[in-house]
Amino acid sequence: RAWRAQVITLFPEAFPGTLGLSLTGKALKDGLWQLNTVPLRAFGEGKHRNVDDTPAGGGAGMVLRPDVMGAAIETARATQHAGAPLVYLSPRGRPFTQGMARDLATRPGITLICGRFEGLDQRVIDHFNIAEVSIGDYVLTGGEIAAQVMLDAIVRLLPGVLGNAESAEEESFSDGLLEHPQYTRPAEWQGRAIPPVLLSGNHGAVETWRRAESEKLTQERRPDLWQAHLGTED
Ligand code: SAM
């Protein structure tokens, strides 16, 4: 039973986007995961298939109607695996992390709601008890790119998607730290040499160097992660 992504969106043509390329695209073709879009427009009202209306209380912009979104959610749900979480991409949501990606990869799938305009009517969020997730502290025009960010991070963690050659085990965040710098041939470029320890063939020394670099980078760039890392050490 393949991990299943359902995406409710006004712009189904935005999918699979870059998810159709490289590792995630190959995995999609190989059936390691499935991607279904639910076109919100199809649930719109009247001849013009209206999906939005003006905000109650006034103000700028438009709000997605709860009846229209509700019908789309019911349809998405009918073709989703039981136990797949329902998530609304929203700048007000809980910040997306590698830990959340790891957890979501163990579920049967996910149903993602892409907002547009000023977002969803609050009643639809309350009625379906929808979890809100943000990909960062900035405002995008719509949820489609955010949905693709989440799906990319989750899908690469599904069993069989990454080969051994691209293991996720030593990446940034896997142990709460940022990854060490990487080098490849040529051995010297623009007068810059690869750190000699990496060419020494001494695996223990390489590991020690990588760990030290990883800790140094995390301390310098992400004091928040560094403090959390210190807290998890015994
Ligand atoms: N009025 C909303 C607010 O101030 O919180 C912003 C709406 S935004 C213009 C339109 C849609 O883009 C949102 O409904 C959401 O689906 C998506 N979006 C924008 N920024 C996002 C972010 N940082 N993370 C996830 N989704 C985002």
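Using amide H atoms built in the peptide plane, which far-off residues or other-chain residues are under 5 Å from Val38 H to H?
Val7, Ile8, Thr9
For an R0 of 45 angstrom, estimate the FRET efficiency from the Cβ-Cβ distance between Ala71 and Ser174 and round to the nearest 0.05.
With a Förster radius of 45 Å, E is 0.65.
Return one number: the angle in degrees, 0 to 90 and rounded to the nearest 10, between the long axis of the Cα atoms of helix 66-78 and the longest principal axis of the Cα atoms of the chain.
Relative to the chain, helix 66-78 is tipped by roughly 60 degrees.
I need the phi-derived Karplus couplings for the range 14-24: 6.51 cos²θ - 1.76 cosθ + 1.60, θ = phi - 60°, integer Hz, Gly and Pro marked x.
So the Karplus estimates, Gly and Pro as x, are 6, 10, x, x, 5, 5, x, 9, 6, 4, 5 Hz.
So if we plug the beta-carbon distance of Ala2 and Leu140 into 1/(1 + (r/R0)^6) with R0 = 30 Å, what FRET efficiency do we get, rounded to 0.05? Can you show the working numbers first?
Details: r = 28 Å, r/R0 = 0.94.
After rounding to 0.05, the efficiency reads 0.60.
Can you tell me which of Asp175, Asp121, Asp67 moves the most in a GNM of the chain? Springs connect C-alpha atoms under 10 Å apart.
Asp175
What Kirkwood hydrodynamic radius, in Å, does the chain give when the mean of 1/r is taken over all pairs of distinct Cα atoms and then inverted?
Roughly 20.3 Å, rounded to one decimal.
Between 0 and 90 degrees, rounded to the nearest ten: what's the tilt of helix 223-232 against the longest Cα principal axis of the chain?
Approximately 80 degrees, to the nearest ten.
Counting only DSSP beta bridges with both residues in the range 3-155, tell me the antiparallel percent, nearest 5.
10 percent
Just grab the label-to-label distance for Ala131 and Ala60, each label 7 Å out from Cα along the Cβ direction, in nm (one decimal).
3.3 nm
Would you mind computing Rg(Cα) / (2.2 N^0.38 Å) for the range 169-232, counting N as its residues?
Working: Rg = 13.5 Å, N = 64, 2.2 N^0.38 = 10.7 Å.
Its radius of gyration relative to the 2.2 N^0.38 Å reference: 1.26.
Can you work out the PRE-style zone for His229? Point 7 Å along Cα to Cβ, and I want the residues of the range 193-213 with backbone N under 17 Å.
206-213
First measure r as the distance between the Cβ atoms of Gln122 and Trp189, then evaluate 1/(1 + (r/R0)^6) with R0 = 41 Å and state the FRET efficiency to the nearest 0.05.
It comes to 0.15.
Per residue of the range 86-101, what does 6.51 cos²θ - 1.76 cosθ + 1.60 with θ = phi - 60° give for ³J(HN,Hα)? Whole Hz please, x for Gly and Pro, Karplus curve as stated.
Using θ = phi - 60°, the values come out as 10, 10, 9, 6, 7, x, 8, x, 5, x, 6, 9, 4, x, 5, 4 Hz.
How long are the three semi-axes of the equivalent ellipsoid of the range 12-141, in whole Å, if each is the root of 5 times an eigenvalue of the C-alpha gyration tensor, listed from largest down?
Here the semi-axes work out to 26, 18, 15 Å.
Using amide H atoms built in the peptide plane, which far-off residues or other-chain residues are under 5 Å from Glu132 H to H?
Result for Glu132 returns Tyr88, Arg94.
Give the residue list of trypsin sites (Lys or Arg not before Pro) in the range 1-87 that are DSSP loop and have at most 16 other beta-carbon atoms within 10 angstrom.
Arg1, Lys47, Arg49
If I histogram all Cα-Cα distances within the range 14-67 using bins 5 Å wide from 0, what percent of pairs lands in each bin?
Going out from 0 Å in 5 Å bins, the range 14-67 shows 4, 16, 17, 12, 11, 11, 12, 11, 4, 2 percent.
Tell me the angle of helix 144-155 to the major Cα principal axis of the chain, expressed in degrees between 0 and 90 and rounded to the nearest ten.
Long axis of 144-155 versus the principal axis of the chain: about 50 degrees.
Amide H neighbours of Asn50 under 5 Å, counting only residues 5+ apart in sequence or on other chains, H built in-plane at 1.01 Å?
The answer is Glu45.
Determine ³J(HN,Hα), in whole Hz, for all residues of the range 32-43 in sequence, where each value follows from phi through the Karplus function 6.51 cos²θ - 1.76 cosθ + 1.60 and θ = phi - 60°; x replaces Gly and Pro.
6, 8, 10, 10, 10, 9, 10, x, 4, 4, 4, 9
Taken together, the values in this text are just the output of simple stated rules run on the coordinates, not laboratory data. These numbers come from a predicted model, not from an experiment. Glycine gets a Cβ as well: all are built from the backbone with ideal geometry, and neighbour counts include every protein chain shown.
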